Amino acid sequence: MANSNSSPLYERLEHKNTMHKVMEFIILFLLLSLLVYRLLSFSNHGFAWLVAFLCELWFTLYWVITISSKWSFVEYKTYPDRLLQRVAEHELPPVDMFVTTADSELEPPIITLNTVLSLLAVDYPTDKLACYVSDDGCSPLTFYSLVEASKFAELWVPFCKKYNVQVRAPFRYFNNDAIPSSKNSGEFKQEWKTMKDEYMKLNRKIEDAVGKSIPFDLSEDFSLFSNIERNNHPTIIKVVLDKEEGHSNGLPRLVYISREKRPKHPHHSKAGAMNVLTRVSGLMTNAPLMLNVDCDMFANNPSVVLHAMCILLGSNENQNEIAFAQFPQIFYDGLKDDPFGNQMAVIWKYLGHGIQGIQGVFYAGTGCFHRRQVIYGLSPNNGKLGNQELLKTFGNSKELTNSAADALRGETKCPSMLLKSIEAAAYQVASCEYEYGTNWGRKVGWMYGSTTEDILTGLSIHNRGWKSIICTPDQPAFLGCTPTGGPASMTQQKRWATGLLEVLLSKNCPIFGTVFAHLQFRQCLAYLWIFTWGLRSLPETCYAALPAYSIITNTHIFPKTVSTSTFNIGGQGRRLGPPNRKVRQLL
Ligand SMILES: O=c1ccn([C@@H]2O[C@H](COP(=O)(O)OP(=O)(O)O[C@H]3O[C@H](CO)[C@@H](O)[C@H](O)[C@H]3O)[C@@H](O)[C@H]2O)c(=O)[nH]1
Ligand SMILES: [Mn+2]
């Protein structure tokens, strides 16, 4: 048996997919033949023929980019057991976990708190974990839910660990009324029932609080939320669970942050929130690794951090080139056969693993572990920043520049959260004026300039020459919700399409990344594939409209042979146009 100390923490499996490739080339050949045929018979046809040619030219180019992006299919298999045998618990690196929420009506706090609970309960040393929740809605309800969740966590986390519960978001775990049959000891049954009752109580408390204007005692903490407007309020930072206070009972730290917002200052949506989380966590825990999830995406696999560590600690020579480990976005309760394509199965399964053989998967905004150094603008084999440069880059907080310098040097000093100076500095870096004159959103942190800040941030990382890895454990790492069709789906897709086009038509266009930076050519093609995703609708709509146009204008866009069999009724069998007089009589 192989010694697990020398066995790699992950394996890179290359798939040849020969049959797929043959099929893809046959399709390419057919597309090219069609283009040649169109060109050769151009002189005999008019406008419809030209439009058909242009659409097919686009489809062919798109197909070439698709083949290139899917070509080098690579899969990574991770071995958390080996990691635990090789690295002592106290040597594992700390991880800061970020959860973003923005609207307590659209994103119900019960969902957010389930995500937080699932993260607090992951299998990883709790003193190495800190969870930061950003609330862009500045909602007392969200804060209240977190406080209540932190009390429930004191029961829930030990229960999950004791019985090795696999799904640690209680709303999913208790989805089914039946007690899991595999563990039916009397003690387990008893504790399961207690836990379910406690969760139901928590649920009811949150439900009772929803819709009440002032649902809480105006105790000191909640009074901060009185008389504030969502888009016009000072920063609120509250440490909900902390080691030093002695009531955390072996739980990770938990911090609530609602950054300052003022109508005259741009807030940069999620990217702005992520940058505030990065800075505040930099002051409080400064973990070298950062996980971020949307509030509606819970950890579905308790070993998720260990899986990510296998990739990021790695054992291969090039592990230092890996900037982030991305887990696929998978959604629960989807429609059967996914008729609207919400699960994005093609993107994740084929494209995601395909570009893995180039520079690596795109950053998808959620379910991703980043190295703090990379987010701080480091390039592989980068030089060091001077003090002046640090100030210009990270802003005027001395505490933050010091902690950023530590992070860039690869040192992790974990300051105590309760220090008053740190609290003051945290308020400073969360203020809406802090970023002026700094590189936040331009060279460091989450990038500004697109509503799809995720893909833009990932691109800026790949531009610097970093690689990334898609990690797909058998039990999906994260599960989220997604609109299942209808207007909500369309609004979301319109936002994505707009955001992607914003990047394509800006100075961040990946073509510049290939010419002037370190983005590999085929990785650039893969980015073009995704950035032109919204544009695809134009040729597709035109092409779909062409048969109707041909019928109306009595032209045709397909070879004559098709019409012979279809329209022989009139005896002419010449073209695919409106039925002639004889046919009309017959009809
Ligand atoms: O001003 C804002 C707006 C949004 N969010 C949060 O950002 C996340 C994503 O926003 P959402 O409106 O849910 O967008 P989706 O289209 O569902 O999200 C996908 O697309 C986004 C943009 O590409 C990515 O950031 C997400 O990670 C990805 O899941 C959610 O947690 C929000 O709470 C904020 O924190 N502040
Ligand atoms: Mn969402």
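Data overview
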quantity: Search result, residues across the stretch 496-514 that are buried (at least 19 other Cβ atoms within 10 Å of the Cβ) and within 16 Å of Ala364 (Cα to Cα); calculated: Ala497, Gly499, Leu500, Val503
quantity: Some residue of the stretch 247-257 being at pLDDT below 90, farther than 14 Å from Ala153 by Cβ and part of a loop (DSSP other than H, G, I, E, B); calculated: no
quantity: Test: residue in the stretch 493-514 that is away from ligand 1 (no atom under 11 Å from the Cβ), at pLDDT below 95 and not small (Gly, Ala, Ser); calculated: no
quantity: Test: residue in the stretch 44-51 that is of a type outside the set (Asp, Glu) and within 30 Å of Gln523 (Cβ to Cβ); calculated: no
quantity: Positions within the stretch 456-488 being within 10 Å of ligand 1 (Cβ to nearest atom) and hydroxyl-bearing (Ser, Thr, Tyr), in sequence order; calculated: Thr457, Thr482
quantity: Residue satisfying condition, being at negative phi, in contact (Cβ under 8 Å) with a residue 24 or more places away in the chain, in contact with a Leu (Cβ under 8 Å, 6 or more places away or on another chain) and surrounded by 17 or more Cβ atoms within 10 Å (Cβ to Cβ), within set Ala425, Ala430; calculated: Ala425
quantity: The stretch 280-294: number of residues that are under 16 Å from Asp135 (Cβ atoms), assigned to a helix (DSSP H, G or I) and either within 11 Å of ligand 1 (Cβ to nearest atom) or not small (Gly, Ala, Ser) (or both); calculated: 1
quantity: Every pair of residues 6+ apart whose Cβ atoms lie under 6 Å, when the first sits in the stretch 268-287 and is more than 22 Å from Ala364 (Cα to Cα) while the second is at pLDDT 95 or above and within 13 Å of ligand 1 (Cβ to nearest atom); calculated: Val280/Ile257
quantity: Hits in the stretch 51-107 (condition: more than 16 Å from ligand 2 (Cβ to nearest atom), within 30 Å of Gly272 (Cα to Cα) and touching a strand residue (DSSP E or B) at 6+ places or on another chain (Cβ under 6 Å)); calculated: Pro93, Val95, Asp96, Met97
quantity: Top-ranked residue of the stretch 462-479 - restricted to ones that are closer than 21 Å to Lys349 by Cα and touching a Gly at 6+ places or on another chain (Cβ under 8 Å), ranked as farthest from ligand 2 (Cβ to nearest atom); calculated: Lys467
quantity: Failed condition for Pro302, given (1) surrounded by 23 or more Cβ atoms within 10 Å (Cβ to Cβ); (2) modelled with pLDDT of 95 or more; calculated: (1)
quantity: Any pair with Cβ under 9 angstrom, 6 or more apart, that starts in the stretch 344-355 at a residue that is within 18 Å of Pro473 (Cβ to Cβ) and ends at one that is of a type in the set (D, E, K, R) and in a loop (DSSP other than H, G, I, E, B); calculated: Ala345/Asp338
quantity: So Val165, is it touching a residue at least 40 places away in the same chain (Cβ under 8 Å), part of a loop (DSSP other than H, G, I, E, B) and surrounded by 14 or more Cβ atoms within 10 Å (Cβ to Cβ); calculated: yes
quantity: Any pair with Cβ under 7 angstrom, 6 or more apart, that starts in the stretch 288-302 at a residue that is of a type in the set (S, T, N, Q) and ends at one that is within 16 Å of ligand 2 (Cβ to nearest atom) and assigned to a strand (DSSP E or B); calculated: Asn292/Phe98; Asn292/Cys368; Asn300/Phe478; Asn300/Leu479
quantity: Among residues of the stretch 480-513, those that are in contact (Cβ under 8 Å) with a residue 24 or more places away in the chain, within 16 Å of ligand 2 (Cβ to nearest atom) and either assigned to a loop (DSSP other than H, G, I, E, B) or at positive phi (or both), counted; calculated: 5
quantity: Of all residues making up the stretch 82-116, the number that are small (Gly, Ala, Ser) and loosely packed, with under 15 Cβ neighbours inside 10 Å; calculated: 1
quantity: Hey, Val74 modelled with pLDDT of 95 or more and under 27 Å from Thr541 (Cβ atoms) or not; calculated: no
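The values are calculated or read from the model by the stated rules, or taken from the named source; none is laboratory data. No experiment lies behind these values; they were computed from the predicted model shown. Cβ atoms come from the backbone with ideal geometry, glycine included; neighbour counts cover every protein chain shown.
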